[in-house]
Structure formats: C-alpha cells, structure tokens
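Comments concern the structure below.
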C-alpha cells in the first residue's frame, strides 16, 4: 500500500512577512548607573528611574579576557563606553550611581563616568553584607 502525501504551500505573495523597525531611542535626562564590581569582571548598566536598562557593557564585552577583566583599567574603558553612548543616544545629563561588589573597578568606573560630562548626583554602596551568617554545623556525634 502506497500513501501519497500532498503538501501545499502558499505563494510568496500570500505569506505574511513582518519587519521590525528600528526602536526609537528614548531621551532620558536623569538616570541611574549600576556598577557591579567583582574580582573577575566589572558590569556597568545605565537605566532610567524606573530601572529599565538603556545601555549596558562590561569589561569582557570590550575585549578584555582572563584576569585582565578584573582590572581597574578594564572597568574604566567599559564605563567610558557606556557613558558616551548614554550621553549621545539618550541625552543623559545627570546620574545616580549604585555600586555593588568589592572589585578593583569600583572607583575607576565612577571617575570614568564623570569625565564623560555626566554629573553624578549621589553614590550609593549596595554591597551585600552578611549579618548573622549561615547556620552553624551541628555538633559531631560520638
């Protein structure tokens, strides 16, 4: 017994094609810079006041690899790129900085943002601090 399978395809004119247009770049005067500085990398993201990310970059995204990602210079390069993009594309003038972590790129990232002409309103340290610690291990059984 031979079964025939018949498939039909619609002509190309009838197929719907949707094109996504370019996203409009929002103009945001004030925003927030979130800097996550670890020993291995530094991630900088600039958001609006609601927390929606406008621009983000990291030391690894700027071509640094391995142990060089955790350096202060790599954080400076990443912060300069983010600040320049935020200023040109989104019209960012003033910013609140939130720093998390204890890496080498904390201070250099903040300095790099300020050198790009964006005024810094406040700097807040959001590094998590343990209080109480983890539950201690129980006593050994004899």
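The values are calculated or read from the model by the stated rules, or taken from the named source; none is laboratory data. In this text the structure is predicted, and so the values were computed from the model without any measurement. Cβ: placed from backbone, ideal geometry, glycine included. Neighbour counts: every protein chain shown.
General observations
- On the stretch given as the range 44-69, residues that are surrounded by 20 or more Cβ atoms within 10 Å (Cβ to Cβ) and over 27 Å from residue 27 (Cα atoms) total 2.
- Residue 86 meets the conditions (1) in contact with a strand residue (DSSP E or B) (Cβ under 7 Å, 6 or more places away or on another chain); (2) closer than 20 Å to residue 38 by Cβ; (3) crowded, with 20+ Cβ neighbours inside 10 Å in every case but one. The failed one is (2).
- Conditions (1) in contact (Cβ under 8 Å) with a residue 60 or more places away in the chain; (2) exposed (fewer than 10 other Cβ atoms within 10 Å of the Cβ); number of the one not met by residue 92: (2)
- One residue stands out in the range 110-120 among those that are touching a strand residue (DSSP E or B) at 6+ places or on another chain (Cβ under 7 Å) and not in a helix (DSSP H, G or I): the one that is nearest to residue 55 (Cα to Cα), namely 118.
- Cβ-Cβ under 8 Å pairs, at least 6 apart or on other chains, the range 114-141 side under 30 Å from residue 91 (Cα atoms), far side part of a loop (DSSP other than H, G, I, E, B): 118/92; 118/93; 119/93; 127/101; 127/102
- Elements of the type strands (runs of 3 or more DSSP E) sitting completely within the range 1-109 and holding at least 1 residues that are under 19 Å from residue 121 (Cα atoms) and modelled with pLDDT of 95 or more: these cover 30-37, 42-47, 94-100.
- Condition check for residue 129: farther than 30 Å from residue 24 by Cβ, surrounded by fewer than 18 Cβ atoms within 10 Å (Cβ to Cβ) and at pLDDT 95 or above: no
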